[in-house]
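Structure first, commentary second.
The values are calculated or read from the model by the stated rules, or taken from the named source; none is laboratory data. Keep in mind that what you see is a predicted model, and the values were worked out from it rather than measured. A quick note on method: Cβ atoms are made from the backbone with ideal geometry, for glycine too, and the neighbour counts reach across all protein chains shown.
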Amino acid sequence: MPELPEVETVRQGLEPLTIGRTIAQVSVKHPRALRRNAGSTAAFKKSLTGKKIQKVSRRGKYLWFEFDDSHLLLVAHLGLSGQFRPTAKNVRHERLRINFADDLPGLSFCDQRTFGALYLDEWAATTPVPSSISHIALDPFDSAFELDPVIERTRTKQVPIKAALLDQTLISGVGNIYADESLWRSKIHPLTRASALSRPRLRELFQNVNDVMSEALGSGGTTFDGLYVSVNGESGAFSQRLDAYGRGGQACRRCGKKMVREKFANRSSVRCPKCQPVPKSMPRRRAS
DNA sequence: CCTGCCGCCTGCGCGC
DNA sequence: TGCGCGCAGGCGGCAG
């Protein structure tokens, strides 16, 4: 799944493929690709045609393109399976294509599960991001990210710590994979009430969040089920270094105990029953 | 405001 | 061999 390291890998791959190029034509191959777009498909195409891409930016798992028209923003979210690839005959699940005013291949947005989206937006009034993502918190790779306010806000939360890690309005960029990885590294049970964790424990946890995502970025991200690849089509190598995600039933790499897979908020969660035991302060919810 | 939960999708792998 | 079903999950919206 594309989380922060994967989306950043994609952003870096998009830069040389898009910056300085002028859009000549946009083809919408599947209507769901634009489902978060406010205007019509025709207006979407018209707004982008003739515009030159100047920058590719990111916050959390959101990407956006900036243009020579400073009022125009094209936001992209990869969802679960979105990919940007140079247009080629063998691209599968192509949902949208951008052709440029040159002879090079265009850019295809491909998305098997169609949870991804592309849409036009404008700048938010108060923060330098598209208005549709002004509620998304800073991610740990952002130069303006500050840990102390995040720790203090986390301590006010009555939800399980894993839910807090996945809350994109608290800290952005973390998804199921890196939540499980950082909780395993920190030896914290995912259902531990966020407010029950001490400041030093939260500091350690968020340090592990930053570490594991930094290591994953250095490996080109995590390709788990073939759904995520970088813009050049390469798989990320970090899946081989995962300690928790996808390792249910396998031996804990720290203590050897068999890892357990549990249900958490309609998704899967993997932990070591010995390293991450059930805490005393559990939020009121079924522990399955 | 805070929290929990639903539904949107497709392809794969499993069991019968 | 073939079919049906469960699973994977980010996020917006909505109910309580």
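Summary table below
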quantity	calculated
Filter result for A:Leu191 (crowded, with 24+ Cβ neighbours inside 10 Å, away from DNA strand C (no atom under 12 Å from the Cβ) and not in a loop (DSSP other than H, G, I, E, B))	no
Exclusive hit being closer than 29 Å to A:Asp211 by Cα, touching a strand residue (DSSP E or B) at 6+ places or on another chain (Cβ under 7 Å) and more than 16 Å from DNA strand B (Cβ to nearest atom), set A:Lys51, A:Lys45, A:Lys61, A:Lys55	A:Lys55
Of the criteria (1) buried (at least 20 other Cβ atoms within 10 Å of the Cβ); (2) under 20 Å from A:Lys61 (Cβ atoms); (3) not assigned by TED's automatic domain parsing to the domain that holds A:Arg58, which one A:Phe141 fails	(1)
Candidate set from the range A:45-76 (those that are of a type in the set (Ser, Thr, Tyr) and within 24 Å of A:Leu138 (Cβ to Cβ)); member that is farthest from the chain's Cα centre (by Cα)	A:Ser70
Considering residues of the range A:67-103 that are free of Cβ contacts under 8 Å to residues at least 24 places away in the same chain and loosely packed, with under 15 Cβ neighbours inside 10 Å only, the residue farthest from DNA strand C (Cβ to nearest atom)	A:Asp103
Residues satisfying the stated conditions in the range A:107-134, i.e. under 27 Å from A:Glu215 (Cα atoms) and either outside the structural domain of A:Arg85 (by TED's automatic domain parsing) or not in a loop (DSSP other than H, G, I, E, B) (or both)	A:Phe109, A:Cys110, A:Asp111, A:Ile133
Hits in the range A:11-42 - residues which are without any contact (Cβ under 8 Å) to a residue 12 or more places away in the chain and in a helix (DSSP H, G or I)	A:Gln12, A:Pro16, A:Pro31, A:Ala42
Count - residues of the range A:50-100 that are polar (S, T, N, Q), under 22 Å from A:Pro31 (Cα atoms) and not in a strand (DSSP E or B)	3
Total residues in the range A:248-267, condition within 15 Å of DNA strand B (Cβ to nearest atom) and either closer than 18 Å to A:Glu3 by Cβ or assigned to a loop (DSSP other than H, G, I, E, B) (or both)	7
The range A:104-125: number of residues that are within 15 Å of DNA strand B (Cβ to nearest atom) and surrounded by fewer than 19 Cβ atoms within 10 Å (Cβ to Cβ)	4
All positions within the range A:64-92 that are closer than 25 Å to A:Gln168 by Cβ and within 16 Å of DNA strand B (Cβ to nearest atom)	A:His77, A:Leu78, A:Gly79, A:Leu80, A:Ser81, A:Gly82, A:Gln83
Selection from the range A:225-247 of residues that are part of a loop (DSSP other than H, G, I, E, B) and among the aromatic types (Phe, Trp, Tyr)	A:Tyr228, A:Tyr245
Scope the range A:211-224; condition part of a helix (DSSP H, G or I) and surrounded by 21 or more Cβ atoms within 10 Å (Cβ to Cβ); matching residues	A:Val212, A:Met213, A:Ala216
Top-ranked residue in the range A:144-171 [being assigned to a loop (DSSP other than H, G, I, E, B) and within 12 Å of DNA strand C (Cβ to nearest atom); ranked as surrounded by the fewest Cβ atoms within 10 Å (Cβ to Cβ)]	A:Thr169
Residue within the range A:42-58 that is within 16 Å of DNA strand C (Cβ to nearest atom) and modelled with pLDDT of 95 or more present	yes
